[in-house]
Every structure is written in C-alpha cells, then in structure tokens.
Number of protein chains: 2
Amino acid sequence: MNERPLQEPTLLLLTALADEPRHGYGLIQEIDAISQGRVRMRTGTLYGALDRLVQQGLIRVEREEVVDGRARKVYALAEAGRDVLAAETERLRAVVAEAERRLAARRAHAIRPKGALA
Amino acid sequence: MNERPLQEPTLLLLTALADEPRHGYGLIQEIDAISQGRVRMRTGTLYGALDRLVQQGLIRVEREEVVDGRARKVYALAEAGRDVLAAETERLRAVVAEAERRLAARRAHAIRPKGALA
DNA sequence: CCTATATATATCAGCGACCGGCATATACTG
DNA sequence: CAGTATATGCCGGTCGCTGATATATATAGG
C-alpha cells in the first residue's frame, strides 16, 4: 500500500469525485472550475491517474454509457478513496494553518503567540 | 520558472523556515514536530531540495557556523519563497475547503446502512 | 464539402522530485 | 570501543506528472 502524500492532480481528482460520479472529460472541466482555471488537468495525467486509482481501490468504474454517440466511462469515489481524501484534507488543513501562523509570526517580528510550537 | 504545485516535503520545508532560519538537520526535527511525527524527511530529499530551492531563489544560505565541532549551514526563507508559500497555502486552503464541502454534501444525501458510521 | 472546435478516451517517452541506502565526520554515552 | 545523536552529502531507482500524439464522433462556420 502506498501511504505517500497525494500530489495535487490526484487530490483534485478525488475532490472532484467527492460529491457525485463523473466521467474523465467531465473531470477535466470540473477541476478547471474548482481551481478557478488555475489547474488544467492533462489527459496524460488524467487517464493514467484514473487507472492507477482504480488499481489502488480509491475509485471504481461506476458504469459505461454512450451519450450523443460518444462513449463515456463514469468513475465514482470508493470508500477507501473517501477515507484517504478525508485524512488528506485534515492533514493538509493542519499544515496550512501552521504555515500561515508562522508567516504571521514572522511578520510580527518573531513575537510568538501563546502555545506556539517549538 | 517552475510554477508546478509544491509537493509536500517542499511545502513542509518552506513552512519550517517561515518563522526563523534553521539548518538542515534541525529542519528534519522541525518537520517531524510540525507533522506530529507523520513525516520523516529523508536526508536524500532534504539536501537535494535545499540545493534546488536555493537555485530557484526561494531560500538562501543565511550563514555557516560550527557548533560543538560540527559544521552547519543555516538556511533562511527568501522573499520569493515567502510569496510562494503564502500563495500555495491560500490555494491549498481553498482546495481543502472544497473537498470538505463535497464530502459533507455527499454524506447529506447518501443512504446510510443501519449503524454505519463514517 | 471541408475544416475547425468540442467532446471523449488512450498511450508513451521523458522529466524531476522523492525515496532509501550509503558514505563521511564529530561528540557523547555506556 | 561500540552505539547513538548530530550533521552534511551523493546516487541509483521509483513513480506521478507533462506534453505530444493518436483515434473517433458531433456540431458549427465558411
């Protein structure tokens, strides 16, 4: 099992699947929206990542369908993926909070608030 | 210029330098503390990353000193590094908030089996 | 009719950050 | 004198991501 921290494209993929199942191309657009256009998921990243995440059991192929003569694969977040995403966001939230606290502390000329970490 | 999102070891490195300058080995311990022992920065990652970050202008060698007969290089966060860290934390905070919102939204209309807790 | 764009999936070579191991050196403790 | 802590550094290998390329259908514009 791989316990390495998720990279951002993977994190965004799981996030985009957190509320409802989506197909590959839809994920590209969804991630574009989530990140306010700052992240454009490449197809090389996307389809490789989808295969890998299915392999790891974090997502699954919900169904395959044909819309307007074009084939789609719809992916859904699996239970394991939900757990990983929840744990990852909680961990990241702590890191972000710590970074912001340190940046603020530095601006205040190293005056440390009570309870600051070593 | 590299505008790719920071990976976590790099993010933690900049975070650990955000309040005050530190030397390499001290950063390993600091990151261990920040992450509550969950991330153990490897020396292979550390010294390679430090060189790279100096090269990119995100950090700088503040000074070199000898303590107890052991040589140290003390690194400090550069202005560019401060900007990158601030931008990165803000971006990550938005992604984390979005992920948590979606996870909550899913729970709100999901059919939960009896006695099952997330 | 032809071309361009949007939709949609898939593969692959290459890059770069990270990992794990190894090497080197000093100081302290048992 | 061996082991642990401090302290820096190199290097081969792994693996996710990038950018390019390929394939195919539907729609809009010239």
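The values are calculated or read from the model by the stated rules, or taken from the named source; none is laboratory data. It should be emphasised that the depicted structure is a prediction, and the values quoted were computed from it without experimental measurement. Methodologically, a virtual Cβ is constructed for each residue, glycine included, from the backbone with ideal geometry; neighbour enumeration extends over all protein chains shown.
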- Message: Please pick out the residue among B:A49, B:A71 that is of a type in the set (A, V, I, L, M) and loosely packed, with under 14 Cβ neighbours inside 10 Å.
- Response: B:A71
- Query: Could you list, in sequence order, the residues of the stretch A:19-60 that are at positive phi and at pLDDT 95 or above?
  - Reply: A:G57
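Here is a yes/no grid of residues against (1) within 12 Å of DNA strand C (Cβ to nearest atom); (2) touching a strand residue (DSSP E or B) at 6+ places or on another chain (Cβ under 9 Å); (3) more than 14 Å from every other protein chain (Cβ to nearest Cβ); (4) hydroxyl-bearing (S, T, Y):
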| residue | (1), (2), (3), (4) |
| --- | --- |
| A:E8 | yes, no, no, no |
| A:G26 | yes, yes, yes, no |
| A:L50 | yes, yes, yes, no |
| A:L58 | no, yes, no, no |
| A:V61 | yes, yes, yes, no |
| A:A76 | no, yes, no, no |
- Note on the structure: Only unsatisfied item for A:D32, checking (1) in contact (Cβ under 8 Å) with a residue 12 or more places away in the chain; (2) farther than 25 Å from A:E3 by Cα; (3) within 14 Å of another protein chain (Cβ to nearest Cβ), is (1)
- Message: Go through (1) facing another protein chain (nearest Cβ under 8 Å); (2) closer than 21 Å to B:Q7 by Cβ for A:R4 and report which single condition fails.
- Response: (1)
